[in-house]
Every structure is written in C-alpha cells, then in structure tokens.
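Report on the structure given below.
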Amino acid sequence: MQFSSQKKDSARVAKAPQKTAPAKKTPAPKRAPAKAKRTVHSTGGFKAPIYSATKAEMLDFYEQMLLIRRFEEKAGQLYGLGLIGGFCHLYIGQEAVVTGLQSAINPGKDSVITGYRDHGHMLACGIDPNIVMAELTGRASGISKGKGGSMHMFSVEHGFYGGHGIVGAQVSLGTGLAFAHKYKEDGGVCLAYFGDGASNQGQVYESFNMAELWQLPVIFVIENNQYAMGTSVNRSSAEDQLYRRGESFRIPGVQVDGMDVLAVRGAVEEVLKDVRGGGGPVLMELKTYRYRGHSMSDPAKYRSRDEVQDVREKSDPIERLKAALLKKGVKEEDLKALDKKVRKTVMEAADFAEESPEPDLSELYTNVLVEQY
C-alpha cells in the first residue's frame, strides 16, 4: 500500500527539472487556474431533504428564530449602555441552524455543548430568557449566578453543557459527553457545536479520531459563518469544504444550507437516525452567516457593508421562512402579532435583568471547588 504523501513526493521527483547549463531566461509560466468549487454535498451518502413541516411547526420555528434575533438585538443594546460587560458574541443571522437542529433532538435524553456564541443555543434549549439575560448582566438570578457571563452558561436540567470560551475545547468535551451516553446505554446523542475557526484546532481532530474509533453517538456541528474573527474561511483553510474534514477518520459529512431552517431540520433527522442506530459520529457543516462582528468590540472592517446587506436581502433565515408562511396562507398581521409577542418577552427579560440584584460578595468563594461527587 502506498500512502498519498509518498505519491505526492514521487510526483514531485518525477517533475523536478534536471540541472543544466545556464540558459536564456524565459517568462515564468502562468499560474494554473483555480480549481472549480466542488458540488458534492455529502461524503457518506446522506441526503439533505427539505423538511415537510406543518404550518404549526413552521410558526414555531418562526417564533423561535424571532426570539433569538430580538434577544440578541436587545443584548447588543444593553452592551452599548454598559449593562453587559466583558465579551459578548451575538448570533444574529445564524438563527436557522440551532432552531432546526434543536427541534429534532430529544431534550430529556440528548446533550448539547457549544462555544462562546451561545445565547441562541440556550434559548433553543428552552431556557428562560429572563435568567439568560440576567446572566449576561452579571446578576445573582442569572443561570450561572452572575459568574459565567456571556460565554459560560450551563444547565444540566436542559442538557446544556456550556458555553465555552476556549476555541475548540468544547469539541473534546462533547466527545466525552457522547462517551457517557454510550457507556450508560441511555440512547442519547451529543450535538457538539463549533465554528469554522475552531475546525482548524488540533484537539478537534483528536476528538474525531476517538469518536470514530469508539463509534460514539456524536454529531459534530460546524457552524460555518464564513469568518473566524476577521479571517475568511478561504484564507485559513486549504480544504474550505468543511464537511470533508472527517474523511481521514472515516467520518461521513454532510453540507447543509444553514440559512434555511427546513433544510437544517430535514438533514439532521436523517443524521440522527444513523447516529442513534449505532452508526458512529457524523459531521455536519451548516453554511450560515453572522451579520454582526465577531464580538461587540469588532467593527468588522474586513468585509463590506454591501456583502452583509446582500446576504440579508437574499438569504435571511427569518425572511425566507416568513415568505414560506405567507405562501401557506398565514396572514401578515398574524406574523406581526407574533413579533410583538416576542418583543414583549425580550423586554420583560431585560427588565428582569436590570431589576435583579448583583451577587453578594460571599459568592466570590463559592463554586470554586467540587466539594462532593
């Protein structure tokens, strides 16, 4: 058997020019044209069918995405007012990803873990917006008692294992959660979310290896929002079709339009069947886009306003679903009423957070050590 690296080396040797006497200089050869983008969207035979949702399900998806959008808009406002400190990464534009995926899992059985852009994931897990907003503002009534802030929230009750600030670290922890599901034989699956930037981290590949070796029930979810901080995917990744990243570990991958909630739901249903059936890990790349900067401190000067506006006009996940609902006969005024309801929920969450007390100083020394197992 000949390894691919050996083939490449032999090819280089075969093509290497022989040393000869100096000759007249000739123009440098023109660079070969760039390869066309691959059109393959799956490495494991997976399809990504559009989910055939009922009108009621579509309205639920619409409300969930609106909740995430309005919540994040309010969080941005509170950050500007100085009520939210530290880092704050908004999920605006990516709502279809977590809404579609979370709607398909079993909340009482499955587990979820993600990185620092986690507010939307918590809301999609059914966590009360009041205590999420209170945590963002560092209040005692927050889900982590005001100690976690934007990036470090946690709820075993909802199967949500964080919120993690270290890029890519959650992937190894998610693989561990999948190991726990398999060890306990509880039928659970772990959704381990991470971004296109984290997909270049070494521990991610170590996790891929162990997950496939032990056939763990984990779905590795790459939320490809096109930019790792200010670096675009095609400037940082030799293989920018990220669903192929598991190939060397024999992990199948599927690429999905992450701006279409029905496409996301349809794809994850098929993947879940395979993983729950003992098929081992699967990698899902969700092609999405974030409208805001990497964090609230990022002016996003590495891309043009026209680029962002173009995505908003052509691919906005909420507007796409709204158009589909209108085609199904839902009235415009009903959708406006739903938006009004969501805005009220978000305003109440902001009021709850502002009125909640800050943690007592005695809390400084609690939750530092694990005192019992």
### Summary
The helix 55-80 Cα axis meets the longest alpha-carbon principal axis of the chain at an angle in degrees, between 0 and 90 and rounded to 10, of 90
### Vicinal HN-Hα couplings computed from phi for region 365-373 (Karplus, 6.51 cos²θ - 1.76 cosθ + 1.60; Hz; Gly/Pro x)
9, 9, 6, 8, 10, 7, 8, 8, 9
#### Entry: P(r) weight above 40 Å for the chain, C-alpha pairs, percent
20
## Note on the structure
Scoring only Lys, Arg, Asp and Glu (+1, +1, -1, -1) among other residues with Cβ under 13 Å from the Cβ of TYR161 yields -3
### Helix 202-213 axis, angle to the chain major axis (alpha carbon atoms, nearest 10°)
90
#### Entry: Between region 131-192 and region 292-307, the alpha-carbon center distance in angstrom
27
### Query
Out of the DSSP beta bridges found with both residues in region 173-267, what percent are antiparallel (nearest 5)?
25
### Summary
Diffing region 117-134: the Karplus 3J(HN,Hα) column from phi (6.51, -1.76, 1.60, θ = phi - 60°), in whole Hz with x for Gly and Pro, holds 8, 10, 4, x, 5, 5, 5, 5, 7, x, 6, 4, x, 4, 7, 6, 5, 5
### Among the listed pairs LYS301/LYS322; LYS55/LYS331; LYS145/LYS341, those beyond 22 Å (Cα-Cα)
LYS301/LYS322; LYS145/LYS341
### Peptides 271-278, 214-221 ordered by average Cβ neighbours within 10 Å, highest first
214-221, 271-278
### Task
Please compute the net charge surrounding TYR91, taking Lys and Arg as +1 and Asp and Glu as -1 over other residues with Cβ under 13 Å from its Cβ.
+1
### Query
Given 0.36 nm per residue, what is the gain on full extension from PHE87 to SER52 after removing their alpha carbon distance, in nm?
8.7 nm
### Task
Give a quick list of GluC sites (Glu not before Pro) in region 147-232 that DSSP marks as loop, anything other than H, G, I, E or B, with at most 10 other Cβ atoms within 10 Å.
GLU185
### Message
For ARG305, ARG292, ARG139, ARG312, which order do you get if you count the other beta carbons within 10 Å of each Cβ and list the fewest first?
### Response
ARG305, ARG312, ARG292, ARG139
### Message
Can you give the FRET efficiency to the nearest 0.05 for GLU185 and LYS273, using r as the Cβ-Cβ distance and R₀ = 22 Å?
### Response
0.75
## Note on the structure
Tilt, helix 317-327 to longest principal axis of the chain (alpha-carbon atoms), in degrees rounded to tens, equals 70
### Message
From the helices alone, meaning DSSP H stretches of at least four residues, give me the mean residue ellipticity at 222 nm for the chain, per-run term -39500 (n - 2.57), in deg cm²/dmol to the nearest 500.
### Response
-13000 deg cm²/dmol
### Task
Set the Förster radius R0 to 41 Å, insert the Cβ-Cβ distance between ASP306 and GLU355 as r into 1/(1 + (r/R0)^6), and round the FRET efficiency to 0.05.
0.50
### Task
Looking at the chain, send over the antiparallel percent of its DSSP beta bridges, to the nearest 5.
15
### Query
Cβ under 13 Å from ARG117's Cβ, ARG117 left aside: what net charge do those residues give with Lys, Arg +1 and Asp, Glu -1?
-4
### Task
Report relative contact order for the chain in percent, whole number only (criteria: Cα-Cα under 8 Å, sequence separation at least 6).
23
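Rule-based calculations on the coordinates, nothing more; no lab input. Note that the structure is a prediction, hence the values are computed from the model and not measured. FYI the Cβ positions are ideal-geometry reconstructions off the backbone, even for glycines, and counts take in every protein chain you see.
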